[in-house]
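Any read-out appearing in this document is the output of simple, stated calculations on the displayed coordinates, not a laboratory observation. As the structure is a prediction and not an experimental result, all values here were calculated from the model. For neighbour counting, all protein chains shown are included, and Cβ atoms are generated from backbone atoms with ideal geometry for every residue, glycine included.
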């Protein structure tokens, strides 16, 4: 029930309460019970709205921090330091579930994405979004650079994240508009055409 409807119902019940004062005790007791229920529902909605706003703010801060690291990872240290720093924005048991390469813990996933083997890659984020309650976010990005075989590659991907109450990533699903064979070639083989 929306806040506007709750307020209207509260006012109507208050009016009826005044009218019912002229009626029987059971009518008054019933209206008072209903008013108490409406007020409790209103308070619960206000509390949930406040919690949703707080999680949204925390999730937004996490998204900004990750983007700053990805935009200039060299400014945040070496390979191990960057992977470890990115992992601090996820829960300890969070997994990156990659549609093409499987699921691994977030720290390992970031290391594999940016540096594994001969990989020298980066993620360029094109668009991001956050749900109203901060429980989910997502992004459209380009993963490009030199692949594990040292060849140039460039692929587009989408990530959908679930966030905990502190805004940290609890799970990440990564999907691509390519076949698994194409992704293997792009990341481990001859690479792809780049623009």
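By how many degrees, between 0 and 90 and to the nearest 10, does the Cα long axis of helix 25-71 differ from the longest principal axis of the chain?
20
Rounded to the nearest Å, what's the spacing between the alpha carbon centres of region 105-164 and region 40-90? Just the number, please.
A separation of 16 Å, based on Cα centres.
To make sure I understand, if each residue's beta carbon is the centre and we count other beta carbons within 10 Å, what order do 133, 72 fall in, fewest to most? Each step should come with its number before you reach the end.
Numbers: 133 16, 72 9.
With the fewest neighbours first, 133, 72 line up as 72, 133.
Would you mind ranking 184, 161 so that the residue whose beta carbon has the fewest other beta carbons within 10 Å leads the list? Intermediate results must be reported in sequence, preceding the final value.
Details: 184 13, 161 26.
Least crowded to most crowded, the residues run 184, 161.
Over the chain, what relative contact order in percent results from Cα pairs under 8 Å that are six or more residues apart?
Values: 312 pairs, mean separation 36.3, N = 195.
Worked out over the chain, it gives 19 percent.
Multiply the residue separation of residue 136 and residue 34 by 0.36 nm, subtract the distance between their alpha-carbon atoms, and state the gained length in nm to one decimal.
Working: separation 102, 0.36 × 102 = 36.72 nm, distance 3.52 nm.
This chain segment gains 33.2 nm when fully extended.
Among (i) 77, 40, 28; (ii) 52, 41, 34; (iii) 87, 33, 26, find the value of Cα extents along the principal axes in Å that was calculated from the structure presented, and write down its label.
The value matching this structure is (iii).
If we count other beta carbons within 10 Å of each Cβ, what is the order of 25, 99, 164, fewest first?
In order of increasing Cβ crowding within 10 Å: 25, 99, 164.
Among 38, 158, 169, which one moves the most in a GNM of the chain with springs linking Cα atoms closer than 10 Å?
Fluctuation is largest for 38.
For the chain, set up a Gaussian network in which alpha carbons nearer than 10 Å are linked by springs, and say which option among 88, 36, 59 fluctuates the most.
36
Taking springs between alpha-carbon atoms closer than 10 angstrom, which of 178, 56, 89 fluctuates most in the Gaussian network model of the chain?
178
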